[in-house]
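One structure is given here, and the rest of the page talks about it.
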Amino acid sequence: MVLQEKARTGTAPGPGVVILRGTVQVLGELLITAGIVLLLFVGWQLWWTNVESDARQSAIIKEFAQDLGADAPTSSPSAPGAVNYGAPVVSAAPGHAGTIGIMYIPRFGANYTRPIVQGTTGDVLDTLGLGHYSNTAMPGAVGNFAVAGHRQTHGAVLDSIHTLVPGDKIYVQTKDGYYVYVFRNNQIVLPSRTDVLEPVPTRPGLTPTESFLTMTSCNPRFGSQERIIAYALLDSWRPASAGPPAEIAAQVAAAIGDG
Amino acid sequence: MYAWIFRHLPGPLWLRIATSVLLVFAALVLMAQFLFPWMSTFTPFTDSTIGSATQP
């Protein structure tokens with residue numbers, strides 16, 4: 001650019017032409033910059049937010065494992081039989097952004113371990129993991145334990161929600177024990193359908209007799225016109241002292257280590 | 001514009017190149033910290049909750 005201008009100095013351009021040329025050049029450079037910034041934004045949104053959230057969520061799982069202490073067994077000492085441990089223990093809800101536990105969903109991959117954190121505001125969902133709707137029940141309680149998670153970006157914690165098959169196990173680990181939910185069905189609704197969070201999902205006014213797990217995420221992927229809802233029912237419970245269910249023992253050991 | 005900035009950076013050529021790299025890096029950090037999170041509020045990817053997105 002500079003060289004070309006020097007080459008043309010034989011016919012000296014008027015001051016108006018110089019100003020015009022400079023203005024056009026600055027404008028062009030600003031437009032190219034805007035284009036590069038937009039491309040960088042796409043990269044940041046689709047790739048970097050996942051890197052950031054995955055790292056943060058691994059750190060939360062480590063903290064949670066440390067809080068469990070060294071005495072938490074990571075393998076089941078007893079044979080995986082149908083031992084009845086009685087009614088599930090329901091812990092008190094932590095404050096906003098407090099860690100409730102870890103969710104394991106083998107259908108989403110052998111390494112699928114995501115923290116469940118109290119609250120569904122942006123600060124929780126964007127970095128900390130699955131967000132618990134604070135006005136719904138806690139894991140194991142009769143009623144509806146409802147969580148939200150991003151389908152895309154920021155860790156994409158529920159990206160594979162549509163791949164769940166009825167009968168799939170969903171494991172929730174808290175400091176008290178392991179809650180085994182069985183996936184029942186999913187539903188695609190409009191974002192205004194708050195009745196999916198009712199104690200008996202979509203049946204306002206009914207008194208619950210069972211423990212539900214409801215997960216909500218964006219639908220379609222990369223869109224937000226609808227919400228995809230996955231419903232599961234509590235199948236069994238075992239206290240932390242009994243160790244994890246045999247099916248996820250390896251995952252638990254990998255996630256929380258040996259205490 | 002960028003040529004003008006580069007000409008007006010102080011020091012020898014290697015220092016001006018180093019300063020430019022530093023300035024570009026600073027711009028990237030500022031964008032990732034402030035500009036992109038703000039822009040992302042206009043994208044539909046992060047609406048995964050039912051009802052109001054800013055539920056307490």
Here are some conditions: (1) surrounded by fewer than 16 Cβ atoms within 10 Å (Cβ to Cβ); (2) within 14 Å of chain B (Cβ to nearest Cβ). A:Y231 meets all but one. Which one does it not meet? (1)
Identify the single condition in (1) modelled with pLDDT of 90 or more; (2) exposed (fewer than 13 other Cβ atoms within 10 Å of the Cβ) that A:Y104 does not satisfy, given that it satisfies every other one. (2)
Meets criteria (modelled with pLDDT under 95 and more than 18 Å from A:T49 (Cβ to Cβ)) for A:D126: no
Of all residues in region B:4-56 being in a loop (DSSP other than H, G, I, E, B) and of a type in the set (G, A, S), the one that is farthest from A:G22 (Cα to Cα): B:G51
Note down all Cβ pairs under 8 Å where the first residue falls in region A:178-205 and is under 17 Å from A:R227 (Cβ atoms) and within 11 Å of chain B (Cβ to nearest Cβ), the second is small (G, A, S) and buried (at least 18 other Cβ atoms within 10 Å of the Cβ), and they're at least six residues apart or on different chains. A:P191/A:S224; A:V196/A:A146; A:L197/A:A146
Check whether at least one residue in region A:158-167 is under 22 Å from the mean Cα position of the chain (by Cα), part of a helix (DSSP H, G or I) and buried (at least 21 other Cβ atoms within 10 Å of the Cβ), and report yes or no. yes
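When you go through A:V157, A:V147 one by one, which is the residue that is over 22 Å from A:W47 (Cβ atoms), touching a residue at least 40 places away in the same chain (Cβ under 8 Å) and among the β-branched types (V, I, T)? If you could, list the steps in order and put the result at the bottom.
Details: A:V157 fails: over 22 Å from A:W47 (Cβ atoms).
From the options A:V157, A:V147, the qualifying one is A:V147.
Go through region A:184-214 and report how many residues are assigned to a strand (DSSP E or B) and surrounded by fewer than 21 Cβ atoms within 10 Å (Cβ to Cβ). Can you show your working first?
Of the residues in region A:184-214, the ones assigned to a strand (DSSP E or B) are A:184-189, A:211-214.
Right, trim to surrounded by fewer than 21 Cβ atoms within 10 Å (Cβ to Cβ) and you get A:184-189.
Here the count works out to 6.
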Which members of region A:138-157 meet the condition of being among the hydrophobic types (A, V, I, L, M, F, W, C) and buried (at least 22 other Cβ atoms within 10 Å of the Cβ)? A:M138, A:F145, A:A146, A:V147, A:A148, A:V157
What residue, of A:S224, A:S217, is in a strand (DSSP E or B), of a type in the set (S, T, N, Q) and buried (at least 16 other Cβ atoms within 10 Å of the Cβ)? A:S217
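Looking at A:I248, is it at pLDDT 85 or above, closer than 30 Å to A:D67 by Cβ and β-branched (V, I, T)?
Details: at pLDDT 85 or above: yes; closer than 30 Å to A:D67 by Cβ: yes; β-branched (V, I, T): yes.
Taking the combined requirement at face value, the residue satisfies it.
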Sort out which residues of region A:147-177 are farther than 28 Å from A:G69 by Cβ, more than 14 Å from chain B (Cβ to nearest Cβ) and of a type outside the set (S, T, Y), and write them in order of number. A:L164, A:V165, A:P166, A:G167, A:D168
Return only the number of the condition from (1) at the interface with another protein chain (Cβ under 7 Å from one of its Cβ atoms); (2) loosely packed, with under 15 Cβ neighbours inside 10 Å that B:M39 does not satisfy. (2)
Run A:A255 past the list (1) in a helix (DSSP H, G or I); (2) within 14 Å of chain B (Cβ to nearest Cβ) and report the number of the one that doesn't hold. (2)
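The values are calculated or read from the model by the stated rules, or taken from the named source; none is laboratory data. Predicted, not measured: the structure shown is a model, and the values here were computed from it. Cβ atoms come from the backbone with ideal geometry, glycine included; neighbour counts cover every protein chain shown.
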